[in-house]
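Take a look at the structure set out below.
No lab work stands behind these numbers, since they all come straight from the coordinates. In this text the structure is predicted, and so the values were computed from the model without any measurement. Here Cβ is always computed from backbone atoms with ideal geometry, including for glycine, and neighbour counts include all displayed protein chains.
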Amino acid sequence: MRPLKMLLILCSFSSLQAPAQQDLQFWYTSPASQWTDALPVGNGRLGAMVFGKYDRERIQLNEESVWAGSKINNNNPKAGEFLPHIRQALFGGSYKTALDLASQYLVGTPPRIRSYQPLGNFFIEYAPGGAPEEYRRSLTLNTGIAKTEFRIGNNRIEQEVYASAPQDVIVVHIHASSPSGLLLYLTRKRDVYEYNAKENLAYFNGQIFDEEDSLRGPGGKHMRLSAAVKILQTDGKPVPHTTDSSAGFKLVDFRNITLLITGATDYNPERLDLDGAVDPFAVCLGKINKASGYSAAVLKKHHIRDHRSFFDRVHFTLGEKDSLNDLPTDKRLARVKSGEKDLGLIVQYYQFGRYLLMGSSRSPGRLPANLQGIWNESYDAPWNADFHTNINLQMNYWPA
């Protein structure tokens, strides 16, 4: 009887239908007003936060290995010698003595590390601007696509952003119902020594400079990094446009454009160190040129198929009959905060947790998810967005 019971249970689970797409979609009727309201996409190595702005769109970029600092041996040489003394003080009730000794001899030298940093930003300025109507931005969890839609006058704009793991690039596709103009460009707040744009490629090259810091290690020029954007296809007329702080294109009379974005550093995971033999810009070119062998439609098809091969491993429901999918996500959150029930939102956030781990810890990435997954806009992130092995790193992977 017991094997039959188990068979029936397994059959009931296998017959569960996949959730409707709207059951797995966060959506809003206004752009993100702050970084934490933007919508994340990631492929394990590259991450982006999409703000969905209709005048000057911001897509904040990350690459998993962009860190300040350099490799150092911070083992405290006196730790072994003083550990018995610290134990003796603790067991003897001399807690202040134990604390003072531990603070001096059990911490690293230097005691802190430097921060995980953003790769940069990609901006899209729409022209002509104006007040939008029929605005909607969304993130569909089972496709990994962040979408922004709005209308200005008779011109309807649709923008899609996703992080392709198969091709290891971030893809931006924009469709306008009427011929339109754009200014689009890459930028980084600091540590960039070259901005350039030519034909259909714009890029920057930089090297992180660290100030001397007795708590965080030696100063100097350390990690080298690059970011690049390529126009894969467009029916518009792009003109390279470079300033002292940006590289990109001006575009007129376009209806469709597909962009490929990537970034790289000189970090070599095989050596666990920076590697002067690695050219970050050459790495960017290699990835973008390889992805350029596919059409926009094929890139999207490959991305969705790959994304769903992971995401669709779990279908989850709490049996809620009355869906609130017609309400924007921020309104649903407000209802729950006021004490209302929304089982569908609980399901969405459960799946969102899986989505974030997928986006920050998978191939083509080589590093584990840090304290912020892979998404960070700060040059001095909270707790450096580091790998806290006391509990936080483990907590990241509990759901897996």
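Given (1) touching a Phe, Trp or Tyr at 6+ places or on another chain (Cβ under 9 Å); (2) within 30 Å of ALA228 (Cα to Cα), where does LEU83 come up short, assuming only one miss? Unmet for LEU83, out of (1) touching a Phe, Trp or Tyr at 6+ places or on another chain (Cβ under 9 Å); (2) within 30 Å of ALA228 (Cα to Cα): (2).
Number of residues in segment 339-367 that are assigned to a helix (DSSP H, G or I) and closer than 30 Å to VAL169 by Cβ equals 13. Restricting attention to segment 161-180, the residues that are within 27 Å of GLU63 (Cβ to Cβ) and either more than 15 Å from the chain's Cα centre (by Cα) or without any contact (Cβ under 8 Å) to a residue 40 or more places away in the chain (or both) add up to 4. For segment 77-93, filtered to residues that are exposed (fewer than 14 other Cβ atoms within 10 Å of the Cβ) and small (Gly, Ala, Ser), the residue that is nearest to the chain's Cα centre (by Cα) is GLY80. Looking across segment 368-400, the residues that are assigned to a loop (DSSP other than H, G, I, E, B) and of a type in the set (A, V, I, L, M, F, W, C) come down to ALA369, LEU371, ILE374, TRP375, ALA381, PHE387, ILE391, TRP398, ALA400.
Checked against the criterion of being within 30 Å of PRO111 (Cα to Cα) and surrounded by 21 or more Cβ atoms within 10 Å (Cβ to Cβ), the candidates ARG216, ARG224 yield just one match: ARG224.
Residue count for segment 303-338 under the criterion of being farther than 30 Å from ASP168 by Cβ and out of contact with any strand residue (DSSP E or B) (no Cβ under 7 Å at 6 or more places or on another chain): the result is 19.
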